[in-house]
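See below for the structure under consideration.
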Amino acid sequence: MRSSLLRTLAFFVALLAPASAFAHEVYVLPQDAIRRALQMPAFSEWQTIFANLNQFLFWGFIAALLIFIVFFVSISRRLERLFGPFLAKLPPYAPVITRVTIGIALIAASYHQALFGPELPLSATFGAYTSIATALLLIAGLMITFGFYARIAALVAFSFFGIELWAHGIYMLTYANYLGELILLLILGAHQLSFHNKHHDAERLPGWLRRVKKRFTPYAFLVLRITFGISLFYASFYAKILYNNLALMVASLPLAGHTSSLAQVFGFEPHFLVLGAAIVEILIAAFFILGIEIRFTSLFLLFWLSLSLLYFGEAVWPHVVLIGIPIAFIFYGYDKYSLEGRFFKRGGREPVL
């Protein structure tokens, strides 16, 4: 029954997902390998679990044990009192980190003439108007980075996302993190350490926009947290479950500059390695969406991403947002709508990790 449900869901997403988009595995696989992987039927995760049941149970136990240890250490009152004064100073800088992150990402997209990732070249969407789109991205990126009419620039970038959504459909869930960043920017504005800082909002912002900002500010990081989790979940689901032969090729084939495959390096059977990576990434996504162990999850994601970048030698620019958002959450911590923030944020203290 579970297998049938998964196949039904996969078929539904396959109908909506464009054949020209390949999630993040596109960054390390040649085009002919991608085409072959998309045409091959996905291997069964359930068969992989039963074929590697002992390892699955062992590593599942290790992961659960680590999660529980981090949780109980994180809510230790002694550690909360010790780190509380320091952590309390960090949240005001989180909006700055998110603003600079999305600004740099747009500047990089303009330089590489591809929106969000190399599989979305501007020329494919804008054709003869590519040079205009490139210039607009550069201007918007600079305005956001330096906090100069950041909301107007965010609206321009938001329009780009809408156009790509129209062109590529549900695949743009891969880049829902950009959408979350832009919504946060529209709510908070440039904030501080910028040309138009939060004092500019207080003095020059129209009354209706000030009311909108006041009304939605408590939800800004909630939106970012959920959209970021959705983007992580969809990217993992697309390349490691729906079209899992993409990830299987990455895991089992020696790539440029390496004599051994990724599976050989870690000592796992390739199918099991893909399954494990999918579970880890989906757990990371779920922890962000629900607001569980936010700082630890952010640190682990940065570690996970660093391993990928170092091993595969990937270009950094498509991953700027994946780097900047976890750093912002390390600074921001728990909003009141997160599970740990709801139940364990008390007396000016919050879980350390």
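The values are calculated or read from the model by the stated rules, or taken from the named source; none is laboratory data. Here the structure is a predicted model, which means the values were calculated and not measured. Every residue, glycine as well, gets a Cβ built from its backbone with ideal geometry; the counts of neighbours run over all protein chains shown.
Taking segment 18-37 as the range and being touching a helix residue (DSSP H, G or I) at 6+ places or on another chain (Cβ under 7 Å), part of a loop (DSSP other than H, G, I, E, B) and modelled with pLDDT of 55 or more as the test, the residues that pass are VAL28, LEU29. Screening ILE144, ILE97, ILE69 for residues that are over 19 Å from MET172 (Cβ atoms) and free of Cβ contacts under 8 Å to residues at least 40 places away in the same chain leaves exactly one candidate, ILE69.
Would you point out which residue out of LEU305, LEU253, LEU242 is out of contact with any strand residue (DSSP E or B) (no Cβ under 9 Å at 6 or more places or on another chain), surrounded by fewer than 17 Cβ atoms within 10 Å (Cβ to Cβ) and closer than 26 Å to ALA109 by Cβ?
Values: LEU253 fails: closer than 26 Å to ALA109 by Cβ; LEU242 fails: surrounded by fewer than 17 Cβ atoms within 10 Å (Cβ to Cβ).
From the options LEU305, LEU253, LEU242, the qualifying one is LEU305.
Could you name every one of the helices (runs of 4 or more DSSP H) located completely within segment 204-292 that has at least 3 residues being at pLDDT 85 or above and not polar (S, T, N, Q)?
Details: elements: 207-216, 220-237, 244-252, 262-266, 270-290.
By residue number, 220-237, 270-290.
For LEU182, the requirement of being closer than 22 Å to LEU322 by Cβ, crowded, with 18+ Cβ neighbours inside 10 Å, in contact (Cβ under 8 Å) with a residue 60 or more places away in the chain and among the hydrophobic types (A, V, I, L, M, F, W, C) is met. Does LEU115 qualify as being in contact with a strand residue (DSSP E or B) (Cβ under 9 Å, 6 or more places away or on another chain), surrounded by 19 or more Cβ atoms within 10 Å (Cβ to Cβ) and touching a residue at least 40 places away in the same chain (Cβ under 8 Å)? So LEU115 fits the description; yes. Against the definition (within 23 Å of ILE230 (Cβ to Cβ) and either at pLDDT below 90 or among the aromatic types (Phe, Trp, Tyr) (or both)), how does PHE312 come out, yes or no? Answer is no for this residue.
Every test in (1) surrounded by 17 or more Cβ atoms within 10 Å (Cβ to Cβ); (2) more than 17 Å from TYR334 (Cα to Cα); (3) of a type in the set (A, V, I, L, M); (4) at pLDDT below 85 is passed by MET40 save one, and that test is (1). Selection of first residues in segment 211-227 that are on the phi < 0 side of the Ramachandran plot and of second residues that are charged (D, E, K, R) and not in a helix (DSSP H, G or I), restricted to Cβ pairs under 8 Å at least 6 apart or on distinct chains, gives the following pairs, ordered by first then second residue: PRO218/ASP335; PRO218/LYS336; PHE221/ASP335; LEU222/ASP335; ARG225/ASP335. Which condition number in (1) surrounded by 19 or more Cβ atoms within 10 Å (Cβ to Cβ); (2) more than 25 Å from the chain's Cα centre (by Cα); (3) at pLDDT 85 or above; (4) not charged (D, E, K, R) is the one that THR130 fails? Looking at each condition in turn, THR130 falls short on (1).
Regarding SER306, is this residue assigned to a helix (DSSP H, G or I), of a type in the set (Gly, Ala, Ser) and over 19 Å from VAL223 (Cα atoms)?
Values: assigned to a helix (DSSP H, G or I): yes; of a type in the set (Gly, Ala, Ser): yes; over 19 Å from VAL223 (Cα atoms): yes.
Criteria met by SER306.
Tally up the residues in segment 38-54 that are of a type outside the set (Ser, Thr, Tyr) and in a helix (DSSP H, G or I), please. Talk me through it step by step, then tell me what you get.
Applying the first criterion (of a type outside the set (Ser, Thr, Tyr)) to segment 38-54 yields 38-43, 45-47, 49-54.
Still in the list and also in a helix (DSSP H, G or I): 38-39, 45-47, 49-51, 53-54.
Counting residues in segment 38-54 that are of a type outside the set (Ser, Thr, Tyr) and in a helix (DSSP H, G or I) gives 10.
Among the residues of segment 55-100, the ones that are within 15 Å of GLN192 (Cβ to Cβ), in a helix (DSSP H, G or I) and of a type outside the set (A, V, I, L, M) come to 6 in all.
Here is the figure for segment 308-348: residues that are touching a Lys or Arg at 6+ places or on another chain (Cβ under 8 Å) and either crowded, with 19+ Cβ neighbours inside 10 Å or free of Cβ contacts under 8 Å to residues at least 40 places away in the same chain (or both) total 7.
Is there a residue being in contact with a helix residue (DSSP H, G or I) (Cβ under 7 Å, 6 or more places away or on another chain), without any contact (Cβ under 8 Å) to a residue 24 or more places away in the chain, surrounded by 17 or more Cβ atoms within 10 Å (Cβ to Cβ) and β-branched (Val, Ile, Thr) anywhere in segment 162-178? There is no residue in segment 162-178 that is in contact with a helix residue (DSSP H, G or I) (Cβ under 7 Å, 6 or more places away or on another chain), without any contact (Cβ under 8 Å) to a residue 24 or more places away in the chain, surrounded by 17 or more Cβ atoms within 10 Å (Cβ to Cβ) and β-branched (Val, Ile, Thr).
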